[in-house]
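Reading through the structure tokens given below for one structure.
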Amino acid sequence: MPHLHIEKFKEIELPQEKEGVSFNFICSNINHTEEKLISVTVEDDKFFLLVREDENKTLLKTDKLSRPASIYNVHRALNTYASLSELNVLSSNVPEGKKNIHLEEVTALKKIEYFSNDFPMDKEVNIEVGFGSGRHLLHQAVNNPDILFIGIEIHRPSIEQVLKQITIQKLDNLLILDYDARLFLELVPSNIVGKIFVHFPVPWDKKPHRRVISTSFIEESRRVLKIGGTLELRTDSENYYAYSYETFINFNKTVLHINKNKDIAISSKYEDRWKKMEKNIYDVTMINEEISDSVELVGDFTFNCKDIDKEKIIKLHNQTKKFDGGFIHFERIYTTNSGMMVRISMGSFDRPEHLYVVLDNEKTYYYPSNPLKSKSNLKAHKYLEELFNG
């Protein structure tokens with residue numbers, strides 16, 4: 001992760017802008033005074049820089065929760081803040097070079113709002129969850145120009161590697177998204193997807209609740225797949241294969257194809273390595289045979305909060321509020337020059353969202369963007385507004 005080790009942190013007058021990088025406000029963790037967050041806007045990206053101080057040195061890096069897909073914009077923010085505040089940098093892994101030429105005109109990288117506002121429906125959609133090096137995803141896009149491919153990944157170097165290839169190969173049928181695939185599926189209209197690929201997901205043997213394949217993920221996949229559409233799991237983990245098979249087969253009606261050590265047209269570098277080690281590769285392919293009803297959600301994420309009781313907000317720290325179908329957990333509380341901010345996890349128990357809520361003198365809003373519009377998130381928002389209004 002990009003970071004600077006600095007001798008001592010210095011605040012600058014806010015708001016302030018330099019060379020396209022805007023620093024908006026700063027907030028302090030009320031329970032851990034050594035932690036601060038700096039709101040940054042670079043181009044269309046909004047995120048926080050994290051300041052963590054100790055006795056000997058201070059770390060300045062991007063906040064993991066809000067960081068954007070563009071590593072280059074994180075580099076710009078870190079270097080610009082260091083320059084503006086004249087920080088004494090002890091060590092750095094942040095380059096000061098120009099943006100890679102292949103990323104200059106990138107249009108394939110999309111934010112979640114692109115899909116939530118107007119999901120592309122002019123052609124069949126295929127989705128790959130966790131595309132890694134992108135070998136399989138790029139191969140599919142090149143060989144199927146009439147299909148729109150959406151690649152979902154949270155590993156930033158992998159994202160930028162594929163974006164470069166999209167530019168080099170001049171692909172116009174491939175979009176990239178940095179988001180939780182389990183949440184993303186809730187945005188997809190019913191019956192439009194031809195294939196969903198989940199190739200070599202992290203097994204999460206010690207944290208099975210984090211696995212991509214789950215009852216709810218399969219339910220959403222069945223909804224978005226068209227008749228004859230497929231959800232394809234490919235894994236080298238026998239435990240993941242056994243778990244996934246049991247999860248698939250628990251549905252009342254399901255059609256599965258099982259393969260072992262099946263050769264496919266393109267393989268990842270990891271698969272090549274596992275084959276050399278003579279590891280078994282398992283495929284579980286679910287075939288959808290049902291038409292699903294359309295889903296329409298009513299509501300929004302605006303707040304109507306007045307006269308916020310700061311002491312009441314502070315007492316919410318580390319509390320979990322449950323409601324029918326979901327929860328809200330108050331992870332951290334911050335103060336700002338004009339109010340407060342809370343870091344929360346919210347929504348459904350198996351697919352929660354993590355984000356910030358800013359409560360200042362003029363308005364209350366989510367940061368860096370609104371939650372995904374889902375049934376559980378809309379319920380959580382309504383409950384959260386009731387808590388704030390007391």
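The values are calculated or read from the model by the stated rules, or taken from the named source; none is laboratory data. Everything quoted here is computed from the prediction, not taken from an experiment. In this analysis, Cβ positions are derived from the backbone assuming ideal geometry, glycine residues included, and neighbour counts consider all displayed protein chains.
Filter the stretch 200-244 for residues that are closer than 15 Å to Glu186 by Cα and acidic (Asp, Glu); which is farthest from the chain's Cα centre (by Cα)?
Glu219
Which of (1) among the basic types (Lys, Arg); (2) modelled with pLDDT of 90 or more; (3) out of contact with any Lys or Arg (no Cβ under 9 Å at 6 or more places or on another chain) is the odd one out, the single condition Lys61 does not satisfy?
(3)
From Glu271, Glu246, Glu278, which residue is among the acidic types (Asp, Glu), touching a residue at least 40 places away in the same chain (Cβ under 8 Å) and in the same structural domain as Ser158 (by TED's automatic domain parsing)?
Going through Glu271, Glu246, Glu278 in turn, the sole match is Glu271.
State whether one or more residues within the stretch 200-213 are in contact (Cβ under 8 Å) with a residue 12 or more places away in the chain, β-branched (Val, Ile, Thr) and under 19 Å from Met121 (Cα atoms).
No: zero hits.
Under 6 Å by Cβ, and 6 or more places apart or on different chains, what pairs join a residue from the stretch 229-241 that is outside any strand (DSSP E or B) with one that is charged (D, E, K, R) and surrounded by fewer than 18 Cβ atoms within 10 Å (Cβ to Cβ)?
As it stands, the answer is Asp236/Lys279; Asn239/Asp205, since those pairs meet every condition given.
Looking at this structure, is Leu4 out of contact with any Asp or Glu (no Cβ under 8 Å at 6 or more places or on another chain) and outside any strand (DSSP E or B)?
Taking the combined requirement at face value, the residue does not satisfy it.
Exactly one condition in (1) in a helix (DSSP H, G or I); (2) surrounded by 20 or more Cβ atoms within 10 Å (Cβ to Cβ) is not met by Phe131; state its number.
It fails just one condition, (1).
(1) closer than 26 Å to Glu11 by Cα; (2) of a type outside the set (Val, Ile, Thr); (3) more than 16 Å from the chain's Cα centre (by Cα): which one isn't true of Phe323, the others all being true?
Every condition holds for Phe323 apart from (1).
With (1) over 18 Å from Ile71 (Cβ atoms); (2) in contact with a helix residue (DSSP H, G or I) (Cβ under 7 Å, 6 or more places away or on another chain) as the list, and Asp122 as the residue in question, which single condition is left unmet?
So Asp122 meets the others, but not (2).
So, in the stretch 300-333, exactly how many residues are part of a loop (DSSP other than H, G, I, E, B), farther than 19 Å from Asn377 by Cβ, touching a residue at least 40 places away in the same chain (Cβ under 8 Å) and not basic (Lys, Arg)?
Result for the stretch 300-333: 3.
Filter the stretch 360-374 for residues that are among the charged types (D, E, K, R) and more than 10 Å from Asp300 (Cα to Cα) and give the result.
First, pick out the residues of the stretch 360-374 that are among the charged types (D, E, K, R): 360, 362-363, 373.
Listed by number, the residues that qualify are Asp360, Glu362, Lys363.
crowded, with 21+ Cβ neighbours inside 10 Å and touching a Phe, Trp or Tyr at 6+ places or on another chain (Cβ under 7 Å): which single residue out of Arg223, Arg234 fits that description? Please lay out each step first, then the result.
Working: Arg223 fails: touching a Phe, Trp or Tyr at 6+ places or on another chain (Cβ under 7 Å).
Of Arg223, Arg234, the one residue that is crowded, with 21+ Cβ neighbours inside 10 Å and touching a Phe, Trp or Tyr at 6+ places or on another chain (Cβ under 7 Å) is Arg234.
Somewhere in the stretch 280-294, is a residue of a type in the set (Val, Ile, Thr) and part of a loop (DSSP other than H, G, I, E, B)?
Yes, there is a match, as at least one residue in the stretch 280-294 is of a type in the set (Val, Ile, Thr) and part of a loop (DSSP other than H, G, I, E, B).
Just checking, does the stretch 24-34 include any residue being under 15 Å from Arg156 (Cβ atoms) and crowded, with 16+ Cβ neighbours inside 10 Å? Full working, then the answer.
Of the residues in the stretch 24-34, the ones under 15 Å from Arg156 (Cβ atoms) are none.
No: the stretch 24-34 contains no residue that is under 15 Å from Arg156 (Cβ atoms) and crowded, with 16+ Cβ neighbours inside 10 Å.
Identify, from the list Ile176, Ile196, the residue that is of a type in the set (A, V, I, L, M), within 15 Å of Leu231 (Cα to Cα), in contact (Cβ under 8 Å) with a residue 60 or more places away in the chain and in a strand (DSSP E or B).
That would be Ile196, the only listed residue that is of a type in the set (A, V, I, L, M), within 15 Å of Leu231 (Cα to Cα), in contact (Cβ under 8 Å) with a residue 60 or more places away in the chain and in a strand (DSSP E or B).
What about Ser83, is it among the polar types (S, T, N, Q) and part of a loop (DSSP other than H, G, I, E, B)? Write out each step before concluding.
Working: among the polar types (S, T, N, Q): yes; part of a loop (DSSP other than H, G, I, E, B): no.
Here the answer is no, as Ser83 does not meet what is asked.
Given the conditions (1) within 23 Å of Trp204 (Cα to Cα); (2) touching a strand residue (DSSP E or B) at 6+ places or on another chain (Cβ under 8 Å), which single one is not true for Arg273?
Going through (1) within 23 Å of Trp204 (Cα to Cα); (2) touching a strand residue (DSSP E or B) at 6+ places or on another chain (Cβ under 8 Å) one by one, Arg273 breaks only (2).
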